[in-house]
Amino acid sequence: MRHIALLAIGIVAALATIGCGRADRAQTDDSTVTVLYPTDERGLGPEYDSPAQFLVFLPLVTRNAEGELEGKLARSWEPSPDYRTWTVHLRTDVRWHDGVPVTAHDIEFSVELLSRPDVGYIAPGAVAISVLNDSTFTYTSTVETPLSDYRTYYPKHLLETLDPTQVYDWGFWTQPVGNGPYRYVRHLRQTMMEFEINPDYVLGRPAIERVILKFGQPSLPELLSGSVDAISDVNPMELLKFLDDPRFRRYDMQTPNVRTIYWNHRHRFFREAGVRRALTMAINRRELLGVLNLPPDLPLFDVIFSDRQWNSLPDPLPYDPENARLLLEEAGWVDGNGDGILERNGESFRFDVLVTTTEEREAVYVQEQLRRVGVHMEISSRGEWAQVFRQLRAGDFEAAIFLLLVDLSTVRGQLQFFGETSYVGYPNQRAHQLLEMAANTQNPQTLDGFYRELMEIFEEDHPVTFLHPVPSTHVVHRRLAGLSSPYRADPVWYMEHLWVDEER
């Protein structure tokens, strides 16, 4: 389950002065949109794996504004009884931007290319694909379906003679030939990339005539000055600077990332479910959303689940510091010397938490919340992402605040955290067994049954504390219409569905 960001400028003259303000652009093409985008001219290739690819390349399916799958390249699909093999029927009227028809052979080529061990995008051997005819193929896998809205495919006739071991360095990614709503026009190295409408696009002519990706990290001054129409992957805390500015709209896109406190079950403090429950109840997670300037209606939860169960999750533990204190007391933790810190068997409830610099704000908030129930959490390490993950994977921590790194619907990823060789030392054998069984089935009804039982186990065990989902935040000038949270919040991903409304 796992996003990003838009200047009406002239086609030629304004490209030379891409930093000009909206007043200078008022006399130019008003159906041009510019996005400040955090990649470079290789941003459409598999190395970046960014939503910019959807300007040029079509996936088999996409999600509509309600989050439901609908066809793009695929016109229909059906699974085998065990859901391991899917038969996919392609549209027959889609062409690459050079006029060559798109066929099932392009899909086969792309999957086999990305599955090569020296490419490593798809796990080698995870997928078997067989072309039945130019518009039909079968897709067999024990780990995934072909119905990913985040995978695009490439033209075999242009790429099959290139060296696949150099795939990430192909010049094709800087001058791509796709099959999507926009086609490549030109780029300036490390500066920008320009796209125009694909006149042969079969799914309806987009209202936005021209798109500029201006390369750079999210910058509020660029947006406020009118140099761009949108910025993506914005730190929500930055938005407090122009919270009431009527020129802009905020959209938050659902992602598979969840900010999580990992309790190391090997540590004597965190072996008991009652203690982990108490620590969770001591944290006001709904208030934390406000502290972080996140959407107040983000779902909170204490369980793992299948993709289909996202909208029917059990209620999370409430914020209840009084009950948290009672649970800790039942576990033998009391403040015997009046210093405000709980003790048990002569040992104070003090522990270190491992965080990256990204999680510092959450860590400070959690530290204060736990202090109020007599638990001292020391923020002892603020490492880079890779360093913290290495320690987490090695079990070299007492507690850690970090992303849940896998889509909650990706079972094999969940096994890393909650399976037999759990990073956090989670010992529940029935949970291990259910996850192993879930990893070996794709039948959605069977998966739902496994996850219903897993939900009950997690409600009992609370092996981790899920603090909050991490949406991808986009800020867009109000003139750009058609976006909505949480499924169509990314202006680059869904550019073909947007339009300019100067009356807004």
Given Cβ point charges of +1 (Lys, Arg) and -1 (Asp, Glu) and nothing else, what value in debye, to the nearest 20, does the dipole of segment 294-347 about its Cα centre take? 220 debye
Can you list the HN-Hα couplings for segment 139-151, worked out from phi with the Karplus curve (6.51, -1.76, 1.60; θ = phi - 60°), rounded to whole Hz and with x for Gly and Pro? 9, 10, 7, 8, 10, 7, 10, x, 8, 9, 8, 10, 10
Charges only on Cβ, +1 for Lys and Arg, -1 for Asp and Glu: so what's the dipole of segment 36-156 about the Cα centre, in debye to the nearest 20? 160 debye
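Does segment 72-122 come out rounded, prolate or oblate, given a ≥ b ≥ c as the square roots of the eigenvalues of its C-alpha gyration tensor, rounded meaning a/c under 1.5 and, failing that, prolate meaning a/b above b/c? All intermediate terms of the calculation are to be shown ahead of the outcome.
Numbers: a/c = 3.29, a/b = 1.06, b/c = 3.10.
Oblate, since a/c reaches 1.5 and b/c is not below a/b.
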Ignoring ligands and nucleic acids, Arg371 exposes an accessible area, probe 1.4 Å, in Å² to the nearest 10, of 130 Å²
What list of ³J(HN,Hα) couplings, whole Hz, do you get for segment 226-237 from phi and the Karplus terms 6.51, -1.76, 1.60, once you set θ to phi - 60° and write x for glycine and proline? x, 5, 9, 8, 7, 10, 10, 6, 7, 5, x, 5
Value of Rg to Rh for segment 441-504 (Rh from inverse mean 1/r over Cα pairs, i.e. Kirkwood): 1.24
Which whole-angstrom value gives the distance between the alpha carbon centres of segment 184-236 and segment 128-153? 30 Å
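Assigning unit charges at the beta carbon (Lys, Arg +1; Asp, Glu -1) and nothing else, what dipole magnitude in debye, to the nearest 20, does the chain show about its Cα centre?
Numbers: 48 positive and 72 negative charges, 97 e Å.
Charge dipole, the chain, about its Cα centre: 460 debye, nearest 20.
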Kirkwood Rh, Cα atoms: Rg over Rh of segment 349-407: 0.98
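From the square roots a ≥ b ≥ c of the eigenvalues of the alpha-carbon gyration tensor of segment 91-180, which class results: rounded (a/c under 1.5), prolate (a/b over b/c), or oblate? Intermediate results must be reported in sequence, preceding the final value.
Values: a/c = 1.81, a/b = 1.07, b/c = 1.69.
In terms of gyration-tensor shape, oblate.
Based on the Cβ-Cβ distance of Gln429 and Arg271, what FRET efficiency does E = 1/(1 + (r/R0)^6) give at R0 = 25 Å, to the nearest 0.05? The partial results should precede the final answer.
Numbers: r = 15 Å, r/R0 = 0.61.
Calculated value: 0.95.
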Show which aspartates and glutamates lie in cross-link reach of Lys214 when reach means a straight Cα distance below 16 angstrom and same-chain residues fewer than eight apart are skipped. Asp40, Glu41, Glu194, Glu196, Glu222, Asp229, Asp233, Asp490
Top positive-direction residue, dipole computed over the chain with Cβ charges, set Gly482, Gly290, Ala74: Gly482
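Keeping every protein chain in place, order Lys241, Lys214 by accessible area at 1.4 Å, biggest value first, i.e. largest first. Before the final figure, lay out each step's value.
Working: Lys241 150, Lys214 20 Å².
Reading off the accessible areas and sorting them downward yields Lys241, Lys214.
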Count charges around Arg75 for me, please; just the other residues with Cβ under 11 Å from its Cβ, Lys/Arg as +1, Asp/Glu as -1. 0
Tell me which residues come under 5 Å, amide H to amide H, from His468 once H is placed; ignore anything under 5 positions away on its chain. Arg259
According to the square roots a ≥ b ≥ c of the eigenvalues of the Cα gyration tensor, what is the shape class of segment 380-504, taking rounded for a/c under 1.5, prolate for a/b larger than b/c otherwise, and oblate for the remainder? oblate
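Return the calculated 222 nm mean residue ellipticity for the chain, to the nearest 500 deg cm²/dmol, obtained by summing -39500 (n - 2.57) across DSSP H runs with n ≥ 4 and dividing by the residue count.
About -6500 deg cm²/dmol.
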Along the charge dipole of the chain, Cβ charges K/R +1 and D/E -1, which of Pro218, Gln190, Leu55 sits furthest on the positive end? Gln190
With θ set to phi - 60° and the Karplus curve 6.51 cos²θ - 1.76 cosθ + 1.60, what are the ³J(HN,Hα) couplings of segment 68-75 in order, to the nearest whole Hz, using x for Gly and Pro? 8, 6, 9, x, 10, 5, 7, 9
Please work out the Cα center distance from segment 484-502 to segment 334-391, rounded to the nearest Å. 41 Å
Could you pull the accessible area for Asp200 with a 1.4 Å probe, rounded to 10 Å²? 110 Å²
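At 37 °C and 0.692 mPa s, grab the translational diffusion coefficient of segment 223-297 from Stokes-Einstein with a Kirkwood Rh over Cα pairs, rounded to a whole number in µm² per second.
Details: Rh = 15.8 Å.
Taking Rh from Cα pairs, D becomes 208 µm²/s.
Please report the equivalent ellipsoid semi-axes of segment 311-438, computed as sqrt(5 x eigenvalue) of the Cα gyration tensor, largest first, in whole Å. Intermediate results must be reported in sequence, preceding the final value.
Details: eigenvalues 161, 77, 47 Å².
Working from the Cα gyration tensor, I get semi-axes of 28, 20, 15 Å.
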Given a 1.4 Å probe and every protein chain left where it sits, what share in percent of the accessible area of segment 392-504 is carbon and sulfur? 46 percent
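Just to be sure I understand: if I project the alpha-carbon convex hull of the chain onto a plane and average over all orientations, what area do I get in nm²? Walk me through the intermediate numbers first.
Values: hull surface 97.9 nm².
The directionally averaged projection comes out at 24.5 nm².
The values are calculated or read from the model by the stated rules, or taken from the named source; none is laboratory data. Computed from a prediction, not measured in an experiment: that's the story for all the values here. A quick note on method: Cβ atoms are made from the backbone with ideal geometry, for glycine too, and the neighbour counts reach across all protein chains shown. Quick note on the areas: whole protein, heavy atoms, side chains included, nothing else; ligands and nucleic acids left out. Shrake-Rupley method; radii C 1.70, N 1.55, O 1.52, S 1.80 Å.
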